[in-house]
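Reviewing the structure listed below.
Here, each number is a calculation from the coordinates, and none is a lab measurement. All of these numbers come straight from a predicted model, not from anything done at the bench. Quick reminder, even Gly has a Cβ in these numbers, built from the backbone with ideal geometry, and neighbours come from all protein chains shown.
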Amino acid sequence: MGIILKGISKSYDGRAVLENLNLEINQGEFHVLLGVSGGGKTTTLSVIAGLIKPDSGSVFIGTRDVSDLSPDKRKIGFVFQNHALFPHLSVFENIAYGLRLRKITEKEIKRKVDYYLNGVSIAKEKDKFPSQLSGGQKQRVALARALVIEPEVLLMDEPMNSLDSMTKETVLDELKNIQQKIGVTTVYVTHDQAEAAFFGDRVSVLNNGKVDQIDSPVGLFRHPRTEFVARFVGVKNILKVSPIKINNNEIIVLIKNEGLERPIKIRVKKYPVFEIDKEINLCIHPEKIILKKKNKVPENEIPDTGLNRIYGKIINITDFGNVLKVTININGMEMYATIPKNLFNFNIYENVWVCFATNAPHPLCGKKCRAPASERRCLNNSNFAPLNGG
Amino acid sequence: MKNFSFDLAISLIAGIFVCLIILPIFALFTATSLSELACQFRSPMVLSSVLISLETSLAVVFLSLCLGIPVAYLLAMKDFKGKRILDTLVDLPVSMPPLVAGLALLILLGGNSKFGKLLSCYGIDLIFSKKGIIIAQLFVSIPFLIKSTKDAFESINKNVINASLTLGASRFYTFKTILLPLAKNGIYTGIIMTWARALGEFGATSMVAGCIPFRTETMTVAIYQNAMSGELSASIAVALLLLVFSFTLLLVFKLRVRVHAR
């Protein structure tokens, strides 16, 4: 069953948590609600589940309008943050709880519970109580408890939050396999973009109670539509630019970010959305930035061809295992680069050239002009000449 | 050296506290002979007061459970206008002097009030009866059960309740199968506190039910009556019984909590 949310609004003490939220989730889809804490993700999930009544709007599960139904009548499975297992019941009884309400025979209950106990690999733990289980085992019990009632939709609220990274990896794999096997429509809430990328057929990014963007994980990363989405998916380099000269395939823009002591000129690949003097935000993925040792090239001069070069100073280096995240100060503006550890031979506070190709900066318009040719969209609504490549 | 002085000071203060509790109890145990006590334990007056106290206090515990658990649920789980007022009302009998409570009940239930007259019409006379004792004890002791149960309900993870609802359970089924079992320690604590308070109630009880031997004379009333009329050994006998009840109740409660904590 698919899910449709129509014009959902919800406020607490005058503060809007959801504002006219519209969302369509397809049947069998694994849909991720991604966003920061307080963005409205859990409220959205609770509205679908019927645990929170919205101030306005409707909820449909399949063709059923469930807006006025209580949670017990919505045919949903819910995996809660921190598992929310019944502490006074054994693993078996936790999973059987929903089945007992459906008045089926004890034999059938045992058969179904055993099936799911085996499905999530916790058959050996069936007589234990939740307090005797590890985080990963609790997670599996919570999942089995939600699935055993064969819900029309499965809702999951940050279920991996309390797991260590190793357990998380295993449980993520298992969850994805189970979801694909049974094909239940799933809505998964997380603030972790890696989880969203791993699971999501589509991802909705929620910001202040509104959906900023709905896209595939790849689309979201490659074509963020707003500054919030860009920053959220890790594209922290947002350049506020003003185009000053348009050539055949590229344009010259002035970076005018707040805090920047003086505007910086760079060359950017031409996109249809560019207009002279019309300010626009560009993003550059941190891994598209290359650092080069200081040389004799004059400051801020735009080379005729090849990479853009901006002079800056390394002010922070953070180790993320195989890669280093480097923060560079450029005349009061910060830029971020992700550099493989083995290619990094700089020191903190060293002056460097921040280099990036003309096609690295990308407009924050959410349109797929960087995607393969078949997916390009921004050409359709533009008077500009077609571009070469994505 | 400073730490030693601090520890010593704390130990001395604790010692004063222990003396404060132990010495009066010791005095009670040594005030009369064992043979005299044995004789008093067999006296009809003492036995009657014990029976009346047990009968009324157990009825109070039962009524407290029936009235207190729903009120505790309401306060812990629901948001509604006037919630703070209800919460304050629950606390009021604890802070109110029992004599004031007794006087208020006497005026409400007495033959001169409209309510009292209405009850009389239906043949219900609460003043100077065991029913009056129960009402008075209930008034002063039910807050203990409500507060303890409310705290227990509030300590339950809301998502555990939501999990039950999303699995298809009604609110009543969730209450029965999830909330009550998870709040049982809080409810047991409430029962013990309520029972102990009801057993020890004197002021409100004596105002509402008077001090009629063999009819409304509870253990606390008997202690007072006998002490005032010079029957000290009878008074001590009842007091010791009450003490043993209270101590046993607390001991059972603490052992239960310890067993559960393991």
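Brief remarks on what is shown
- Once C-alpha pairs closer than 8 Å and six or more residues apart are averaged by separation and normalised to the residue number of the range B:110-205, the relative contact order reads 40 percent.
- As a length-normalised measure over Cα pairs under 8 Å and 6 or more apart, the relative contact order of chain B settles at 28 percent.
- Cα centroid separation - the range A:171-186 against the range B:14-47, whole Å: 70
- Close amide H partners of residue A:78, meaning residues 5 or more places away or on another chain with modelled amide H under 5 Å apart, are A:155.
- Ranked packing of A:146-156, A:67-77, B:242-252, most packed first, by mean Cβ within 10 Å: A:146-156, A:67-77, B:242-252
- Derived scalar couplings ³J(HN,Hα) [the range A:121-129; Karplus, 6.51 cos²θ - 1.76 cosθ + 1.60; whole Hz; x for Gly, Pro]: 6, 10, 4, 5, 9, 5, 9, 7, 9
- Compactness of the range A:3-227, taken as the C-alpha radius of gyration over 2.2 N^0.38 Å, stands at 1.01.
- Note on chain B: with a GNM built from Cα contacts shorter than 10 Å, the maximum mean-square fluctuation among B:104, B:204, B:38 falls on B:38.
- Eligible lysines near residue B:254 by straight Cα distance, threshold 21 Å, same-chain separation 8 or greater: B:147, B:150, B:184
- Backbone amide hydrogens, once placed in the peptide plane, bring residue A:311 within less than 5 Å of A:300, A:354, excluding anything fewer than 5 places away on its chain.
- For chain A, the dipole from Cβ point charges (+1 on Lys and Arg, -1 on Asp and Glu) about the Cα centre works out to 520 debye, to the nearest 20.
- Springs between Cα atoms under 10 Å define the GNM used for chain A, and in it the highest mean-square fluctuation of A:112, A:265, A:181 occurs at A:181.
- Protection proxy ranking, highest mean first, for peptides A:170-177, B:70-77: B:70-77, A:170-177, where packing is the per-residue count of other beta-carbon atoms within 10 Å, averaged.
- A cut-off under 9 angstrom between Cβ atoms defines the neighbours of residue A:121, and their net charge, with Lys, Arg +1 and Asp, Glu -1, is +1.
- Radius of gyration and maximum dimension Dmax of the range A:99-152, Cα, Å: 11.2, 31
- Beta bridges per DSSP with both ends in chain A, % antiparallel, nearest 5: 75
- 3J(HN,Hα) along the range A:274-280: 5, 9, 4, 6, 8, 5, 8 Hz, from the Karplus curve 6.51 cos²θ - 1.76 cosθ + 1.60 with θ = phi - 60°, whole Hz, x for Gly and Pro.
- Using C-alpha pairs under 8 Å with a sequence gap of at least 6, the mean separation divided by the residue count of the range B:135-262 gives a relative contact order of 27 percent.
- Between residue A:32 and A:188, A:201, A:202, A:203, A:204, the built amide H atoms are under 5 Å apart, and every one of these is 5 or more places off in sequence or on another chain.
- Aspartates and glutamates whose Cα lies under 15 Å from that of residue B:158, excluding same-chain neighbours fewer than 8 positions away: A:157, B:79
- The range A:1-61 and the range A:246-280: distance between their alpha carbon centers, rounded to Å: 38
- Additional length obtainable on full extension of the chain from residue B:108 to residue B:231, 0.36 nm per residue less Cα span: 40.9 nm
- Under 16 Å from residue A:110, Cα to Cα: aspartates and glutamates that are on another chain or at least 8 residues apart: A:93, A:125, A:127, A:150
- Above 35 Å, the calculated P(r) of chain A contains 40 percent of its Cα-Cα pairs.
- Rounded to the nearest 500, the 222 nm mean residue ellipticity of chain A from helices alone is -6500 deg cm²/dmol, with -39,500 (n - 2.57) taken per DSSP H run of at least 4 residues.
- Protection proxy ranking of A:337-345, A:227-235 - average other beta-carbon atoms within 10 Å, highest first: A:227-235, A:337-345
- For the range A:90-106, the Karplus equation 6.51 cos²θ - 1.76 cosθ + 1.60, evaluated at θ = phi - 60°, returns couplings of 5, 3, 4, 5, 4, 6, 6, 3, x, 5, 4, 6, 8, 6, 10, 5, 4 Hz by residue, with Gly and Pro reported as x.
- Rounded, prolate or oblate (a/c below 1.5 giving rounded, otherwise prolate when a/b exceeds b/c) for the range A:1-40 by Cα gyration tensor: oblate
- Extreme residue, positive dipole direction of the protein assembly as shown, given options A:151, B:66, B:19 (C-beta unit charges): A:151
- For chain B: span of alpha carbons on each principal axis (Å, largest first): 74, 65, 32
- For the protein assembly as shown, the alpha-carbon coordinates run over 115, 71, 55 Å along the three principal axes, in decreasing order.
- The simple spin-label model puts a point 7 Å past each Cα toward its Cβ; for residue B:151 and residue B:121 those points are separated by 4.4 nm.
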